[in-house]
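Right, I'll just put the structure down here and ask away after.
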Amino acid sequence: MSDAALAAIDDVLDRGGDVDDVLRGVVDALVAHGDCSWAGILFAEDDELVLGPHAGDADPGLRVQLPVVYDGARVAELVVDGCDNHAFLEQVAGRIATHCLVGWDTAGEPWVP
């Protein structure tokens, strides 16, 4: 499961494009290939988490939530229902970190995911 899902996610990330489209592709891949019934990304905005791209059918009873960290700061949370492979999900969170800087203060420095 995780090899095919990681390959699908890497393919989405390698294609690049608009950050929202890339993250939509990632959550779609988690549902299609990662044994998740639902996947979403919560963006850290100030002291709140705001739902961004998501896919699938939610089942909160099977929810796992992991921080997405960039440069030591939590920039988002990866949330999935139905998949409890933490090692796999940590790899996904690491791969999407730069794409989750939407709304994050870069102090005027340009960034490319």
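When only C-alpha pairs under 8 Å and at least 6 residues apart count, what is the relative contact order of the stretch 2-100, in percent?
Details: 181 pairs, mean separation 24.9, N = 99.
RCO, the stretch 2-100: 25 percent.
Now, a different point. Please give the helix 2-15 orientation as an angle from the longest Cα principal axis of the chain, in degrees from 0 to 90, rounded to the nearest 10.
It is inclined by approximately 40 degrees.
Let me ask something additional. What does the charge count near Ala4 come to, summing +1 for each Lys or Arg and -1 for each Asp or Glu among other residues with Cβ under 13 Å from its Cβ?
Result for the local shell: -4.
Can you put Asp46, Asp10 in order, fewest other beta carbons within 10 Å first?
On the way: Asp46 7, Asp10 14.
Going from least to most buried by this count: Asp46, Asp10.
Hey, what's the Cα Rg ratio for the chain versus the globular rule of thumb, 2.2 N^0.38 Å? Could you put the intermediate results ahead of the total?
Details: Rg = 13.1 Å, N = 113, 2.2 N^0.38 = 13.3 Å.
Here the answer is 0.99, to two decimals.
Here's another thing I want to ask about it. Taking the Cβ of Val68 as the centre, find all other residues whose Cβ is under 14 Å away and add up their charges (Lys, Arg: +1; Asp, Glu: -1).
Values: positive: Arg74, Arg95; negative: Glu45, Asp71, Glu77, Glu90.
Spelling it out: positives minus negatives among the neighbours equals -2.
Which residues' amide hydrogens lie under 5 Å from the amide hydrogen of Val75, considering only partners 5 or more residues apart or on another chain, with H built in the peptide plane?
It is Val68, Val69, Tyr70, by chain and number.
None of the figures in this text is laboratory data; all of them are computed from the coordinates on show. Please read these numbers as outputs of a predicted model, since none were measured by experiment. Ideal geometry is used to build each Cβ from the backbone, glycine not excepted, and the neighbour counts take in all protein chains shown.
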